[in-house]
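Any read-out appearing in this document is the output of simple, stated calculations on the displayed coordinates, not a laboratory observation. Quick caveat: nothing in here was measured; it's all calculated off a predicted structure. Here Cβ is always computed from backbone atoms with ideal geometry, including for glycine, and neighbour counts include all displayed protein chains.
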Amino acid sequence: MAAHGSKLVIFAALGGNALIAVTKFGAAWYTGSAAMLSEAIHSMVDTGNQILLLHGMRQAAKPPTPTHPFGHGLRLYFWAFVVAVLIFGLGAGLSILEGLEKIETPHAVTDAYVNYVVLGLGILFESSVWLIAFKEFRKSKGNRSLLGAVHGSKDPTVFTVLFEDTAAVLGLTVAFLGIALGQALDLPVLDGVASLIIGAILAVTAGFLAYECQSLLTGEGVDPMVRDSIRRIALAEAGVVGVNELLTMHFGPRDVLVTLSLDFEDSLLAGRVETIVSGMEERIKAAHPEVTRVFIEAQSFAAHRRAVRSAAG
């Protein structure tokens, strides 16, 4: 997914969340609603998250250095993981605490119409941002299911905003229902229950995002279809007997390292092997633009097996 698409989604969410967070805090203070306060905290955390994602994208764009020879792409995955932790620690934690306090000492929400207006506008805004995020995410989704596409995605920026806004729409809906039912049934405790449910939604969202981000942060390889394609390109070269080993790793959404151990025909001269290797690297990068580095080792199958056994033992 293109970086400009990711930034479009993040800027759209950042601008709106900053404004709506202020509005929600004002409404929570004016009406005394725990659910509204949870939503205000939620929007505040989301605003901070978008700033961190933009910071991560900026850090990841730094060129390689002697101390980071493969670049800084993994910093994007690190900051996306931090975002997941913040959603859980601040968003979910504070919402649950606020809900428990309201359940313990329930009190009626005053001027509930203020909350309805703010929540209604919030649902419209968050739904709009969700549609923008989903449109960008769908470009790389293909025929896979939503969860399958998220698991296969190597760009955490868009799917993080997508799931943040999914949680936001659900949270706003829960807050609206909690306040409305509490007023209609004269059960102010439902406002606190709504806050607890919002906290649970955020906790589940954070857990899912943390799982996906840690997989990327700890060295995730390319999609199996891409790996099979690279293998076919290698085997199609005249003079290549077999692929001993094919390893890949994402250093960023559009920054992939590929290493190949190949068994060449014994009769090939060194100059011919060099020509084959250069052509193979060009074809791999042409077929998969996200591949930025290709390292190819010429090694017999028997020598490769001995090396593997030596490393294992």
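Tabulated data
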read-out: FRET E, pair residue 135, residue 19, Förster distance 35 Å, beta-carbon r, rounded to 0.05; value: 0.95
read-out: Residue 293-residue 265 FRET efficiency (beta carbon distance; Förster radius 25 Å; 0.05 resolution); value: 0.45
read-out: Column: log10 I(q)/I(0), Debye, Cα scatterers of the chain, q = 0.07, 0.13 Å⁻¹; value: -0.39, -0.90
read-out: Mean Cα-pair separation over length for the chain, i.e. relative contact order, pairs under 8 Å, 6 or more apart, %; value: 19 percent
read-out: Over region 267-309: Rg over Rh, Cα atoms, Kirkwood Rh; value: 1.08
read-out: Region 210-227 - phi-based ³J(HN,Hα) in whole Hz, Karplus 6.51/-1.76/1.60, Gly and Pro as x; value: 4, 5, 5, 6, 5, 5, 5, 5, 9, x, 8, x, 6, 4, x, 5, 5, 4
read-out: Within a Gaussian network of the chain (alpha carbon springs, distance under 10 Å), most fluctuating of 34, 92, 270; value: 270
read-out: Segment residue 283-residue 29, length gained on full extension (0.36 nm per residue, minus Cα span); value: 85.3 nm
read-out: Bridge type composition, the chain - antiparallel percent by DSSP, nearest 5; value: 60 percent
read-out: Residue 62/residue 104 FRET efficiency (R0 45 Å; Cβ-Cβ; nearest 0.05); value: 0.35
read-out: Relative packing of 187-195, 234-242, which averages over residues the other C-beta atoms within 10 Å, highest first; value: 187-195, 234-242
read-out: Reciprocal mean inverse distance between Cα atoms of region 1-79 - Kirkwood radius, Å; value: 14.2 Å
read-out: Most fluctuating residue given options 199, 120, 252, as computed from a GNM of the chain linking Cα atoms under 10 Å; value: 120
read-out: Span from the region 150-171 Cα centroid across to the region 59-133 one, whole angstrom; value: 11 Å
read-out: For region 21-38, 3J(HN,Hα) per residue [Karplus equation, 6.51 cos²θ - 1.76 cosθ + 1.60, θ = phi - 60°, Hz, x = Gly/Pro]; value: 5, 4, 5, 5, 4, x, 5, 5, 5, 6, 9, x, 8, 5, 4, 5, 5, 4
read-out: Computed over region 224-312, the ratio Rg/Rh where both radii use C-alpha atoms and Rh is Kirkwood; value: 0.97
read-out: Under-19-angstrom lysine pairs by C-alpha in the chain, whenever the two are 8 or more apart or on separate chains; value: 11
